[in-house]
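**Q** Have a look at the structure that comes next, please.
Read the figures in this text as sums done on the coordinates, not as results from a lab. As the structure is a prediction and not an experimental result, all values here were calculated from the model. Cβ sites come from the backbone with ideal geometry, for glycine too, and all protein chains shown count toward neighbours.
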Amino acid sequence: MFRLFSKDIKHYTDQELLEAFSEKKDQHFLAELYTRYTHLVYGVCMKYLKNPDDASDAVMNIYEKLSHEIHRHQIVKFSTWLYVTTRNHCLMELRSRKTQERRYDLWQNEQDLFMESQEFWHPVDEEDELHSQQLKLCIEQLKAEQKSCIELFYYQNKCYLEIAQHLKIAEKKVKSHLQNGKRNLKICMESRHEA
């Protein structure tokens, strides 16, 4: 059992502070202990998170987490345990960011597909035979990548990802080929209407 010493809290060892916090549940003991290692926690957070604001936020979040976590662990050496806890916190933060980025990318792709299909000029909007024949001639005049992307997207209802995998190119390239292909088709079709 921890016994309070007459010495100043600043002179307590890490182990004494841990025992005092566990017994008394007094945040002063934990604050003193954590303050000794704040610069190390910040350094680890910077190493993983690469951003001063994110690292500072993590330092505060880890402190809040400690008061709930410490009593669940048998801590032999506080500095080692704190390092592992900090690293794990940062790795979880990075994993969470990647998940959010993936969700955003999926949402963005859905938006792009929606926008793509809602554009004012769509190659298969008009159904008459003359238009259809002219459109086929214009598609044949496109560059190979544009032609493939237009055919796969509009006629085979493939999404960007499926087209990218099929053609072995990046999704950004698919989008670019579609936009350029549509622009070229529009120019071609307008020139045929004027002729």
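**Q** Provide the net charge surrounding Gln146, with neighbours chosen by a C-beta distance below 13 Å and charges set as Lys +1, Arg +1, Asp -1, Glu -1. Write down the numbers at each step before the final one.
**A** Values: positive: Lys143, Lys147, Lys173, Lys175, Lys182, Arg183, Lys186; negative: Glu140, Glu145, Glu151.
Cβ neighbours under 13 Å give a net charge of +4.
**Q** Same structure, new question: Find the eigenvalues of the gyration tensor of the Cα atoms of segment 153-195, then list the square roots of 5 times those eigenvalues as equivalent ellipsoid semi-axes, largest first, in whole angstrom. Walk me through the numbers before you get to the answer.
**A** Values: eigenvalues 133, 23, 7 Å².
Square roots of five times the eigenvalues give 26, 11, 6 Å.
**Q** Do any of Lys25/Lys77; Lys24/Lys65; Lys24/Lys47; Lys158/Lys182; Lys136/Lys175; Lys143/Lys168 go past 26 Å between their Cα atoms, and which?
**A** Working: Lys25/Lys77 19 Å; Lys24/Lys65 18 Å; Lys24/Lys47 34 Å; Lys158/Lys182 16 Å; Lys136/Lys175 21 Å; Lys143/Lys168 17 Å.
Violating the 26 Å Cα-Cα cut-off are Lys24/Lys47.
**Q** I've got another one for you. Per 0.36 nm of contour for each residue apart, how much would the distance between His39 and Lys143 grow if the chain were fully extended, relative to their Cα-Cα spacing? Intermediate values should be presented prior to the final figure.
**A** Numbers: separation 104, 0.36 × 104 = 37.44 nm, distance 5.79 nm.
Separation in residues times 0.36 nm, less the Cα-Cα distance, equals 31.6 nm.
**Q** Also: In segment 35-65, which chymotrypsin sites (Phe, Trp or Tyr not before Pro) are in a loop and have at most 16 other Cβ atoms within 10 Å, using DSSP for the loop call? Each step should come with its number before you reach the end.
**A** Details: sites: Tyr37, Tyr42, Tyr48, Tyr63; in loops: none.
Those that pass, being in a loop and sparsely packed, number zero.
**Q** Using only C-alpha positions, report the orientation-averaged shadow area of the convex hull of segment 9-102, nm², one decimal. Show your work: numbers first, answer last.
**A** Values: hull surface 24.5 nm².
Value for segment 9-102: 6.1 nm².
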